[in-house]
Structures are given as C-alpha cells and as structure tokens.
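A.B. asks: Dropping the structure in here first, questions after.
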Amino acid sequence: MNAGQKQVAILGAGLTGLLVAEALSRRGDAVVVLEREAQPGGFCRSVNIGGRRVERYYHHVFPNETPVVELLNRLDFASDLKWFRVRQGVIQNNTAKAYDNPWSYLRQALSPPTDLFFDLRFAARIGAVDLAELDRLPALAWLRRWQSRTKVERFWLPLLIKKFGPFAERISARWLAERVTTRQSSKGWMQRGETLGHLAGGFFRLTDRLAERCAKQGVTFQFGVEVQKIEVRDGRVLALDTAQGKLPAGDAVVSTLASPALAGLLENHDDEWVRIARATPYMSCRCVTLLLSRSLSPFYWLSNLDAADFAAVIEQSKFFDDGTHLIYLPQYIFPTSIEQKESAKKNAVEWLSKVFPPFNADSVSEDIVSIDAFSQPVFLAGDDRQKWQTLRPLANLLATDAYLDYPHQRRTMNAAIRRAAAVVELLG
Ligand SMILES: Cc1cc2nc3c(=O)[nH]c(=O)nc-3n(C[C@H](O)[C@H](O)[C@H](O)COP(=O)(O)OP(=O)(O)OC[C@H]3O[C@@H](n4cnc5c(N)ncnc54)[C@H](O)[C@@H]3O)c2cc1C
C-alpha cells in the first residue's frame, strides 16, 4: 500500500456508492464495494422487458439540476442527454385530464377560476420565502394559507396521501417548496407541459459507466454479497459479515443504505444515533411496469387523485423513439408490507381498463413488479432528527442517507451527487 492510501469498504453500488468509489479510487485509495444485487445501479439499475433493458424505476432530470448535467458531461454523455417537452395531467373520476397550463387549471373542477390568482401568488411566495422558515411548518397548513380550499382538498391532499400515506398531514413545507421550485425550472407559465431531460436508453447507462470507470481505476466489486451484520467494538466498525465471509473494516466504511437499514445492521451498538436512525420514517415503493401494445394517452405524467392506490401513471416511453410503449405505476406503502406482486398487477390492469378504455389485459405484452423498502424518505415538519444526525455515526463509519443531507429534503440523483461529495470530503 502507498503511504496515505486508505482502505475503504462501501455498502451499496447505487449512484451514491459508485460516485464515492470513483472519487476515492481516483485519488489512490483501495476500495471494495459490496452489493447484494447481481449488478450495479441501485434504484437506477435496469430490468429486462420485451427483450430490452429499461430502467427499473422511471427517472428524469429538471433543467436546474446542474450537477447531474455536469456529471453526464464528464462521463461523455453530453449528446445522449435529450430534452423533451412532455405533458402532465391528473386522473380524476377515472378520467385523464390535462393539468399543465393555466387554461387547463381553469377547465378542471380542481380549482375555482380565482385559483389562477392564488397560483400566481403562491408562486411568487415560493420565490421569496426563506426555506429555513418552512422547516417547522406542515406543507398542508402552509398550502391552506396560500391556496384555495378546493385546490388543497382536491389536488394537494390526495397527492400527499398517495406519496406519504399516514404522514401526509405532517410533511414539511420545505420538502414541498423544494419540489415546487425544481418543477418551476421546467415550466413556462403560459406553455403547455414541461421540459425534462432523459439519458437516451435510460439512467442505468450512467451507473453502468461509473462502474466501468471504477473497475478501470482498480475498485473491487463484490456483487451478490449482502452485508448482514456490522460488527462494532469500542465505537469502531471491526468487520462486515456476509454469507460469503467476513471483511475487515479497513480504515473506513461508507454506507449508502437508508438510516433505518443501516441501524438494523449494527451489532452490539445502541446509542442515540442508532435509536433515532431506526425510527426514521421511510415509505416503501411497489411499482408495476407494463409493456403495452400502444400508447395510453398523450401525457408523460398523470397524477392520480382518485381512490385507486397508484400514485401516478408514467408513460416513460414518451422519451423513447423506437415505438415501444412502457408505463410505470408506482405505489408508496407504509409500513413496509410490500410483497403481493400478483395482486398489484391485477389491480393495475383493472384500474387502467376503467380509465383508458379500450385498454384491457390483452394490451399488456409483458409486466414486472419492482419492490423496494426504504425508497422514499418522509421529511416531517419540525423534525430535528435531521439536524441532529451526523454523516459519521461511528469514528470509521460514514453514512449517506438522504435524511442526513440537511438542510435539503430531496431524494434525487442530484442529491446523491451532493451526499457522495460530502462523504468524500469528510474522508479527507
Ligand atoms: C421510484 C423512484 C423514482 C425515482 N425517480 C427519480 C427521478 O426521476 N430523478 C432523480 O433524480 N432521482 C429519482 N429517484 C432517486 C434516485 O434513483 C436515487 O436518489 C439515486 O439512484 C441514488 O440512490 P442511492 O445510491 O443513494 O441508493 P440506492 O440506489 O438505493 O443504492 C443502494 C444500494 O445498496 C444496496 N444494498 C442495500 N442493502 C445492502 C446490504 N445489506 N448489503 C449490500 N448492498 C446493499 C442496494 O441493492 C442498492 O444497490 C427515484 C427513486 C425511486 C425509488
């Protein structure tokens, strides 16, 4: 080993783990990445459907997400990042309706005509507000102050319930403001739809390329290796236990797992960090992906305001140019009771048949159901656990959970880049 070279073990080969591995190996550290799946990518990794690789989950970038754009440029993907003007709508009373420009807002019974005034006032408010002020305020309380009752009850409340279930009333206004601000970067007030970026083929190409770079720089990958236990002694990680054997901790261990998942692995260690991390609220995601014989609608994104469990219908193939029709139907679930693949698929087909006749089971040529625990952090108003938590729960253990990215409240590729950079800096 060279002088100054560190030995670092990374848990997880998702975007965050790969970025940390790439940066550390570039400066000469000896890096091992342990990944329980057979391939890299995490949420970005691919699945096979209809004989082609597609993203396991839908991804896009917004125009103001400069770090992702810069990362793609650095990895020679500049010409593969394509920008599309795509349309949005809502599903209400089993009908898909446009909801992506002032005229469509007025046409929908979601908002009384005066809502255009409220929307403009709200947009101006978000532009001027000090985000720190919003930390302690529940999003719905904030919305009730600035938007009409009809808009809050018929639009915002169902959206928040679909995403955060029992936590909907307690979600922080800051989370909502950060999301709306990002969205504003992709919209023109009088234009239809919004401008979103997509990596041709899918964002698994980004994580594949990072993994290739890492391998060239000497990173060792162990795929199909799940860390089952983290042995701790005297405030330090001693070793990582896997079904395939024990790995000594080396100089540092970087976890890219959600805080409650990491806390569940720490053996013989029960301090305040662990207790808080264990109770950190997360939603699980169950997502039905369907390959269809034809397009469902002109919309890329349809938010569901009806009772059906699905949060949205996302026609990701609006970003494709090969005649494929691919849709994603995510459901956010709490608690982590996430199996039931068959019933999820059956419910999806039944619901789509009502909303998009003549769609029926024969319209589906292939399907996949993806399930992940700990996929959506729940950012609660007035929750000081973020400020309290540290990126370094133990002397030689660093954590990159989205919850630890205070003051930001985002779970995106952009945020993963920020968290990876923070951990690399801490490692000195
Ligand atoms: C449904 C959905 C849609 C999304 N859409 C977007 C979007 O449009 N735009 C955007 O910017 N972001 C989006 N994201 C977020 C984005 O995918 C992530 O922020 C990004 O991929 C970074 O993930 P990560 O590396 O932090 O975590 P992950 O991708 O979860 O990586 C963690 C890795 O750790 C592995 N692992 C877990 N436990 C163990 C263990 N015990 N031992 C070994 N390995 C383990 C996992 O298999 C995984 O590979 C979306 C996420 C989801 C779930």
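A.B. asks: Stick to the Cα atoms of the chain, pair each with every other, and give me the Kirkwood hydrodynamic radius in Å at one decimal. Let's see the in-between values first.
C.D. replies: Details: mean 1/r = 0.0439 Å⁻¹.
When all Cα pairs of the chain are included, the Kirkwood radius is 22.8 Å.
A.B. asks: Something else about it: Once label points are set 7 Å from the Cα along Cα→Cβ at both V180 and S353, what is their separation, rounded to one decimal in nm?
C.D. replies: 4.0
A.B. asks: May I pose another question? Pairs of alpha-carbon atoms within less than 8 angstrom and 6+ residues apart define the contacts here; what relative contact order does segment 225-266 have, in percent?
C.D. replies: Details: 50 pairs, mean separation 14.9, N = 42.
That works out to 36 percent.
A.B. asks: Something else now. What does the charge count near G428 come to, summing +1 for each Lys or Arg and -1 for each Asp or Glu among other residues with Cβ under 13 Å from its Cβ? Present the calculation step by step, with values, prior to reporting the outcome.
C.D. replies: Numbers: positive: K6, R27, R392; negative: D29, D251, E425.
With Lys, Arg at +1 and Asp, Glu at -1, the net is 0.
A.B. asks: To the nearest 10 degrees, how steeply does helix 15-26 sit against the main Cα axis of the chain, on a 0 to 90 scale?
C.D. replies: Orientation of helix 15-26: about 40 degrees from the principal axis.
A.B. asks: Separation between the R145 and R27 pseudo-spin-labels, each 7 Å from Cα along Cα→Cβ, expressed in nm?
C.D. replies: 4.2
A.B. asks: Once the Cα atoms of helix 413-426 and of the chain are each reduced to a long axis, what angle between those two axes, in degrees from 0 to 90 to the nearest 10, is obtained?
C.D. replies: Approximately 20 degrees, to the nearest 10.
A.B. asks: Turning to a different aspect of this structure: Length gain on complete extension for the stretch F223 to R52, per 0.36 nm per residue less the alpha carbon to alpha carbon distance? Before the final figure, lay out the partial values.
C.D. replies: On the way: separation 171, 0.36 × 171 = 61.56 nm, distance 2.20 nm.
Value of the extension gain: 59.4 nm.
A.B. asks: For A215, put the label point 7 Å out on the Cα→Cβ axis and report which residues of segment 225-259 keep their amide N under 11 Å from it.
C.D. replies: none
A.B. asks: Further question on the same structure: I need the calculated FRET efficiency for the pair E272 and A421, taking r as the beta carbon distance and R₀ as 30 Å, to the nearest 0.05. Walk me through the numbers before you get to the answer.
C.D. replies: Values: r = 27 Å, r/R0 = 0.89.
In this case the efficiency is close to 0.65.
A.B. asks: Just grab the label-to-label distance for A200 and A373, each label 7 Å out from Cα along the Cβ direction, in nm (one decimal).
C.D. replies: Here the modelled spin labels are 4.0 nm apart.
A.B. asks: Please find the FRET efficiency linking T95 to R233, where r is the Cβ-Cβ separation and R0 is fixed at 41 Å, and quote it to the nearest 0.05. Please report the intermediate quantities before stating the final value.
C.D. replies: Details: r = 61 Å, r/R0 = 1.48.
Given R0 = 41 Å and the Cβ-Cβ separation, E is 0.10.
A.B. asks: For a quick check: with amide H placed at 1.01 Å from N, whose amide H comes under 5 Å from I49's, ignoring anything fewer than 5 positions away on the same chain?
C.D. replies: Long-range HN contacts for I49: V54.
A.B. asks: Here is a further query. Checking the a/c ratio against 1.5 first, then a/b against b/c, what shape does the Cα gyration tensor give for segment 294-376? Please list the in-between numbers first.
C.D. replies: Working: a/c = 1.64, a/b = 1.47, b/c = 1.11.
Note, shape of segment 294-376 comes out prolate.
A.B. asks: Evaluate the relative contact order of the chain (contact order divided by residue number), counting alpha-carbon pairs under 8 angstrom at least 6 apart; express in whole percent.
C.D. replies: Numbers: 842 pairs, mean separation 101.1, N = 428.
Relative contact order, the chain: 24 percent.
A.B. asks: For segment 140-255, just say rounded, prolate or oblate: build the C-alpha gyration tensor, square-root its eigenvalues into a ≥ b ≥ c, call rounded for a/c under 1.5, and beyond that prolate if a/b exceeds b/c, oblate if not. The partial results should precede the final answer.
C.D. replies: Values: a/c = 3.46, a/b = 1.79, b/c = 1.93.
Cα axes put segment 140-255 in the oblate bin.
A.B. asks: So, by mean Cβ neighbours within 10 angstrom, what's the order for 129-142, 4-17 with the highest one leading?
C.D. replies: Ranking, from highest mean packing down: 4-17, 129-142.
A.B. asks: By average Cβ neighbour count within 10 Å, what is the ranking of 76-85, 374-383, 321-330 from highest down? Present the calculation step by step, with values, prior to reporting the outcome.
C.D. replies: Values: 76-85: 12.9, 374-383: 20.5, 321-330: 17.4.
Highest mean packing first, the order is 374-383, 321-330, 76-85.
A.B. asks: What is the angle, in °, between the Cα long axis of helix 204-216 and the longest principal axis of the Cα atoms in the chain? Nearest 10 is fine, range 0 to 90.
C.D. replies: 10
A.B. asks: Looking at the square roots a ≥ b ≥ c of the eigenvalues of the Cα gyration tensor of segment 343-387, which shape do they give, rounded for a/c under 1.5, prolate if a/b is larger than b/c, or oblate?
C.D. replies: Working: a/c = 5.22, a/b = 2.72, b/c = 1.92.
Prolate.
A.B. asks: Applying 1/(1 + (r/R0)^6) with R0 = 35 Å to the Cβ-Cβ distance of A132 and A78, what FRET efficiency is obtained, to the nearest 0.05? Don't skip to the answer; put the middle values down first.
C.D. replies: On the way: r = 35 Å, r/R0 = 1.01.
The computed FRET efficiency comes out at 0.50.
A.B. asks: Rank F334, L391, S172 by how far each Cα sits towards the positive end of the charge dipole of the chain (+1 on Lys, Arg Cβ; -1 on Asp, Glu Cβ) and give me just the farthest.
C.D. replies: S172
A.B. asks: Taking the highest mean first, how do the peptides 300-311, 340-351 order by number of other beta carbon atoms within 10 angstrom per residue?
C.D. replies: Numbers: 300-311: 20.6, 340-351: 16.2.
The packing order, highest mean first, is 300-311, 340-351.
A.B. asks: Let me ask something else about it. Taking every pair of Cα atoms in segment 4-87, average 1/r, invert it to obtain the Kirkwood radius, and report Rg/Rh to two decimals. Mind dumping the intermediate values first?
C.D. replies: Details: Rg = 15.5 Å, Rh = 15.0 Å.
Taking Rh as the inverse mean 1/r over Cα pairs, Rg/Rh reads 1.03.
A.B. asks: Past the 27 Å Cα-Cα mark, which pairs from K82/K341; K151/K346; K162/K354?
C.D. replies: Numbers: K82/K341 33 Å; K151/K346 31 Å; K162/K354 19 Å.
Pairs exceeding 27 Å: K82/K341; K151/K346.
Bear in mind that the values in this text are calculations on the coordinates, not laboratory data. These numbers come from a predicted model, not from an experiment. Reconstructed Cβ throughout: ideal geometry from the backbone, glycine too, with neighbour counts over all protein chains shown.
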